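The values are calculated or read from the model by the stated rules, or taken from the named source; none is laboratory data. Computed from a prediction, not measured in an experiment: that's the story for all the values here. When we count neighbours, we look across all protein chains shown, and the Cβ atoms used for this are built from the backbone with ideal geometry, even at glycine.
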Amino acid sequence: NVRDVLVFRSLDAEQMAAVIDTMFEREVRANDVVIRQGDKADNFYVVEHGTYEARIAEDHRDGPLVERVVRTYAGAGSFGELALLYNMPRAATVVAKTDGVLWVMDRRTFGRVVRKTACDRRELFDRLIGSVPMLDALQPYERMNLSDALEPRYYRHGELVFGQGGPGDGMYFVMRGAVAVHVTDRVGVRARVNTVAEGGYFGELALITDNGRAASVYAVGDVKLAFLDVGAFERLLGPCLDIMKRNSELYEQQLAAAFGTDRVP
Ligand code: 1OR
């Protein structure tokens, strides 16, 4: 569970070992309030067992204070990073819905080991995330989680990013340079069907359709990509699925333009 924590993704193996070493277990009972909105932050929590609810109290000027459930953690996930990363009061209340077990990291260790690398990574991907129109579908908090999960990857001109027919292990965003998309049809005719430039994305289709890669992708110039693995894709990009599906309808037209409508692979 600790290894799946998004905010730990930026740590190297040594830092990861140090993190695991300092964490301790805490048992909780159903209805325990683990975090109270507005409080000063003490700990960061990783779910080992149990179900937890994050709720945000909203001010309605006249009516009563209404608490809205914004997120449920069922046996997995982590919470309490926000206030520690940005030195703010707790943004939400987190309550245990069942008995459970949490892994706890205290504020000092979080500050010492996690904060700097996690903030650097968020900064690294901030501009990218702001420049991809599809990601407007995410809330600010969801966008932050996305930057924890992204991983920079570098390619030289002409280098293969992935080959047609290969497995769909994740998707990519273009941070610098561009990529060329090539398709080979059944009789072996090969055509360049598309170019994806800065701010664009590719490799999502195999994740949506569960088929292999529909095309080969090559770097054009020196290229920097941000890779999102399929697990994080499924956890984080739900709100963008419809947009990706709609956009993928354009691929049919690109294929038709490259191969002719009667010979689409
Ligand atoms: P914290 O340290 O502020 C409360 O303590 C925790 O609840 C917070 O870190 C997050 O780990 C977690 N907005 C803010 N915090 C959230 C949210 C959230 N969901 C979970 N937490 N959302 C935005 C609501 C407008 C929900 C997004 C799905």
Inset, instruction - Look at segment 73-110 and say how many of its residues are small (Gly, Ala, Ser) and either without any contact (Cβ under 8 Å) to a residue 24 or more places away in the chain or within 22 Å of ALA18 (Cα to Cα) (or both). - result: 6
Inset, instruction - Go over the candidates VAL113, VAL132 one by one and state the one that is among the aliphatic types (A, V, I, L, M), within 18 Å of PHE44 (Cα to Cα), in contact (Cβ under 8 Å) with a residue 12 or more places away in the chain and away from the ligand (no atom under 16 Å from the Cβ). - result: VAL113
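Scan segment 100-116 and give yes if some residue there is assigned to a helix (DSSP H, G or I), under 30 Å from ARG153 (Cβ atoms) and of a type in the set (Ser, Thr, Tyr), otherwise no.
Start the filter on segment 100-116 by keeping residues that are assigned to a helix (DSSP H, G or I), which leaves 107-116.
Then keep just the ones that are under 30 Å from ARG153 (Cβ atoms); that gives 109-116.
Then keep just the ones that are of a type in the set (Ser, Thr, Tyr); that gives 109.
Yes, the conditions are met somewhere in segment 100-116.
From the list ALA30, ALA83, ALA41, ALA57, exactly one residue is out of contact with any Gly (no Cβ under 6 Å at 6 or more places or on another chain), among the hydrophobic types (A, V, I, L, M, F, W, C), farther than 30 Å from LYS245 by Cβ and assigned to a helix (DSSP H, G or I). Which is it? Spell out how you get there, then give the answer.
On the way: ALA30 fails: assigned to a helix (DSSP H, G or I); ALA41 fails: assigned to a helix (DSSP H, G or I); ALA57 fails: assigned to a helix (DSSP H, G or I).
After ruling out the rest, the residue left standing is ALA83.
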Inset, instruction - Return yes or no: is ALA197 surrounded by fewer than 17 Cβ atoms within 10 Å (Cβ to Cβ) and modelled with pLDDT of 95 or more? - result: yes
Inset, instruction - Scan segment 138-157 and report the pairs whose first residue is free of Cβ contacts under 8 Å to residues at least 40 places away in the same chain and whose second residue is surrounded by fewer than 16 Cβ atoms within 10 Å (Cβ to Cβ), with Cβ atoms within less than 7 Å and a gap of 6+ or a chain change. - result: SER147/ASP126
Legend entry - Residue list for segment 38-61, restricted to those being out of contact with any helix residue (DSSP H, G or I) (no Cβ under 7 Å at 6 or more places or on another chain) and either without any contact (Cβ under 8 Å) to a residue 40 or more places away in the chain or charged (D, E, K, R) (or both): ASP39, LYS40, GLU48, GLU53, ARG55, ILE56, ALA57, GLU58, ASP59, HIS60, ARG61
Inset, instruction - Using the structure shown, decide if ARG143 is touching a helix residue (DSSP H, G or I) at 6+ places or on another chain (Cβ under 6 Å), of a type outside the set (Ser, Thr, Tyr) and surrounded by fewer than 20 Cβ atoms within 10 Å (Cβ to Cβ). - result: yes
Legend entry - Selected residue (only one of GLY238, GLY212, GLY165, GLY231 is at positive phi, among the small types (Gly, Ala, Ser) and surrounded by fewer than 18 Cβ atoms within 10 Å (Cβ to Cβ)): GLY165
Legend entry - Of all residues making up segment 67-99, the number that are more than 25 Å from GLU234 (Cα to Cα) and away from the ligand (no atom under 13 Å from the Cβ): 2
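I'd like to verify a number: residues in segment 215-253 that are touching a strand residue (DSSP E or B) at 6+ places or on another chain (Cβ under 7 Å) and closer than 16 Å to GLN164 by Cα, how many? Let's see the steps before the verdict.
Of all residues in segment 215-253, those touching a strand residue (DSSP E or B) at 6+ places or on another chain (Cβ under 7 Å) come to 215-230, 233.
From the residues that got through so far, the ones that are closer than 16 Å to GLN164 by Cα too are 215-219.
Selection size over segment 215-253: 5.
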Inset, instruction - Check segment 44-58 and report whether any residue there is surrounded by fewer than 13 Cβ atoms within 10 Å (Cβ to Cβ), within 25 Å of SER147 (Cβ to Cβ), more than 8 Å from the ligand (Cβ to nearest atom) and not hydroxyl-bearing (Ser, Thr, Tyr). - result: no
Inset, instruction - Give the residues of segment 1-27 that are within 16 Å of the ligand (Cβ to nearest atom) and in a helix (DSSP H, G or I), sorted by residue number. - result: VAL2, ASP4, LEU6, VAL7, PHE8
Inset, instruction - Quick one: which strands (runs of 3 or more DSSP E) lie wholly within segment 154-228 and hold at least 2 residues that are more than 23 Å from ASP136 (Cβ to Cβ) and under 21 Å from the mean Cα position of the chain (by Cα)? - result: 160-162
